[in-house]
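The values are calculated or read from the model by the stated rules, or taken from the named source; none is laboratory data. Remember, it's a predicted structure, so these values are computed and weren't measured experimentally. Glycine gets a Cβ as well: all are built from the backbone with ideal geometry, and neighbour counts include every protein chain shown. For the accessible areas, the whole protein counts, side chains as well, though only heavy atoms, and no ligand, DNA or RNA atoms are used. Shrake-Rupley method; radii C 1.70, N 1.55, O 1.52, S 1.80 Å.
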Amino acid sequence: MNLKLLKSGALIAVLSCASLGQQLIAATNVISSGQQANPLGMIEESSQLLGQPFKSSEGASLGKLQDMVVDLESGHILYAVLSANGKNYAFPPNLLRPAADKKSLVAHAPKAKITAAPVFSESDANLANPSFAASVFQYYGLQAWWDNGSGAASGKNFGNVHRLSQLNGATVQSSANQNLGRIDNSILDLRSGHVAFLILNASSLLGNANALLAVPPNAFTAGQNAKVLVTGLDKNTLASAPRWTRNNLNELSNPAKAASIYSFYGKQPYFQSGTGLSPTGRNP
């Protein structure tokens with residue numbers, strides 16, 4: 001083999017990898033620029049995102065947003081699940097954005113990168129293991145928020161992991177097994193990769209058709225199965241809780257209003273510095 005051709009091919013490969021890395025870094029910078037004024041970032045309803053078609057950074061139509069995997073204990077979106085070419089690929093949430101038409105999504109990475117990404121298995125029962133989630137960020141050249149260099153989250157699994165497709169509609173019970181309502185929706189902050197709120201529909205409990213409550217995600221713990229959540233909240237607390245008007249995202253994207261809701265439930269807002277939360281969301 002011609003030595004010059006071999007060296008030339010190796011150089012092209014190196015340059016291609018470097019170019020790809022630069023593209024991903026540039027994408028992260030672009031989608032973050034101009035949004036720093038609001039610490040809440042870009043608030044979206046999960047019901048409006050799941051199932052939407054998505055395109056690569058080059059504009060290639062690939063498939064749809066199949067799901068998202070979230071950890072309620074820390075309040076983080078661990079990764080998105082993009083369906084394309086008959087497979088489900090894991091994707092960092094902070095590289096995913098609604099397109100200008102609000103009818104599709106843009107995955108800020110090249111098609112070739114997306115379709116060679118770590119594959120998410122529908123039968124994977126160990127969603128709480130941080131190793132797979134860490135591999136997704138590492139594949140795209142990003143550092144996961146919990147990663148200490150070993151791919152682990154303080155040596156433990158995540159505490160309260162769910163697929164959004166199963167979380168929406170989940171039954172909510174009190175610690176005393178009282179039925180409090182159901183999860184109507186999830187409010188996501190894509191830029192920071194957080195679940196900002198879960199929307200609890202407590203209409204039956206409170207006897208009010210409009211009893212929608214925006215509740216911090218770490219106010220809920222895992223129930224007996226994936227379709228049940230448990231909370232220490234009770235009827236009296238929920239009766240006096242701030243209400244939310246459906247489709248009024250401007251209200252929840254207001255930092256002062258959002259912080260007041262977190263304060264009502266005795267939780268620290270993730271969008272304020274100095275919260276003192278450990279990597280898994282537990283107070284140290």
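In table form, for the structure just shown:
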read-out: Within the stretch 42-115, strands (runs of 3 or more DSSP E) holding 3 or more residues that are of a type outside the set (Phe, Trp, Tyr); value: 43-45, 61-71, 76-84, 87-91, 96-98, 105-107
read-out: Residue tally, condition part of a loop (DSSP other than H, G, I, E, B) and open to solvent by less than 30 Å² (accessible area, probe 1.4 Å), over the stretch 195-209; value: 1
read-out: In the stretch 154-191, residue farthest from the chain's Cα centre (by Cα) [restricted to those that are among the hydroxyl-bearing types (Ser, Thr, Tyr) and within 14 Å of Asp71 (Cβ to Cβ)]; value: Ser154
read-out: Among the candidates Leu40, Leu82, Leu15, residue that is modelled with pLDDT under 95, hydrophobic (A, V, I, L, M, F, W, C) and under 17 Å from the mean Cα position of the chain (by Cα); value: Leu40
read-out: Qualifying residue in the stretch 251-258 (condition: exposed (fewer than 14 other Cβ atoms within 10 Å of the Cβ) and part of a loop (DSSP other than H, G, I, E, B)); value: no
read-out: Residues of the stretch 59-93 that turn out to be surrounded by fewer than 24 Cβ atoms within 10 Å (Cβ to Cβ) and over 28 Å from Gly223 (Cβ atoms), as a count; value: 10
read-out: Pairs where the first residue, in the stretch 40-58, is of a type in the set (A, V, I, L, M, F, W, C) and the second is open to solvent by 20 Å² or more (accessible area, probe 1.4 Å) and part of a helix (DSSP H, G or I), C-beta under 9 Å, 6+ apart; value: Leu40/Pro255; Ile43/Leu249; Ile43/Asn250; Leu50/Ser165
read-out: Options Ser175, Ser192: the member that is more than 30 Å from Gln143 (Cα to Cα), in contact with a strand residue (DSSP E or B) (Cβ under 9 Å, 6 or more places away or on another chain) and either open to solvent by 10 Å² or more (accessible area, probe 1.4 Å) or not small (Gly, Ala, Ser) (or both); value: Ser175
read-out: Condition broken by Gln224, with the remaining ones in (1) open to solvent by less than 50 Å² (accessible area, probe 1.4 Å); (2) within 15 Å of Ala170 (Cα to Cα); (3) of a type outside the set (D, E, K, R); (4) at pLDDT below 95 satisfied; value: (1)
